[in-house]
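The structure under discussion appears below in the form of structure tokens.
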Amino acid sequence: MSGVLEKRSMRIGARRTSVALEKEFWRELERIARSKGVSLPRLFAQLLESNGGKSLASTARVFALVC
């Protein structure tokens, strides 16, 4: 992993947010979203609904590793 963070902004529902992840995680999350037939913001909305108030970036990393 490169360790360099890439920050992306997206709209999740009515809320605008940004998430900083390593490129490798972005690539894997995009692959997962495609395989599920959803957009990346929709995938993040699902993660946000299930993360129990934890860091969205941390939740996304763990999700990418276990999927």
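Of note:
- Filter pass, Leu56 being in contact with a Lys or Arg (Cβ under 9 Å, 6 or more places away or on another chain), surrounded by 13 or more Cβ atoms within 10 Å (Cβ to Cβ) and aliphatic (A, V, I, L, M): no
- Listed by first and then second residue, the pairs with beta-carbon distance under 9 Å, at least 6 apart or on different chains, first residue in the stretch 43-54 and under 15 Å from Arg11 (Cβ atoms), second open to solvent by less than 80 Å² (accessible area, probe 1.4 Å) and aromatic (Phe, Trp, Tyr), are Leu43/Phe63; Leu47/Phe63.
- Of all residues in the stretch 2-21, those that are farther than 16 Å from Leu48 by Cα and without any contact (Cβ under 8 Å) to a residue 60 or more places away in the chain have Cβ atoms under 8 Å from Cβ atoms of residues that are open to solvent by 60 Å² or more (accessible area, probe 1.4 Å) and outside any loop (DSSP other than H, G, I, E, B), 6 or more apart or on another chain, in Ser2/Lys23; Val4/Lys23; Glu6/Lys23.
- Test: Arg31 is in a helix (DSSP H, G or I), open to solvent by 30 Å² or more (accessible area, probe 1.4 Å), modelled with pLDDT of 95 or more and within 13 Å of Glu6 (Cβ to Cβ): no
- Matching residues, the stretch 11-23, being at pLDDT 95 or above and surrounded by 15 or more Cβ atoms within 10 Å (Cβ to Cβ): Val19, Leu21, Glu22
- Between Leu21, Leu47, the distinction of being assigned to a helix (DSSP H, G or I), at negative phi and of a type outside the set (Lys, Arg) belongs to Leu47 only.
The values are calculated or read from the model by the stated rules, or taken from the named source; none is laboratory data. Predicted model only: the values in this text are computed from it and were never measured. Cβ coordinates were reconstructed from backbone atoms using ideal geometry, including for glycine residues, and neighbour counts include every protein chain displayed. Heads up: the accessible areas ignore ligands, DNA and RNA and are worked out on the full protein's heavy atoms, side chains in. Shrake-Rupley method; radii C 1.70, N 1.55, O 1.52, S 1.80 Å.
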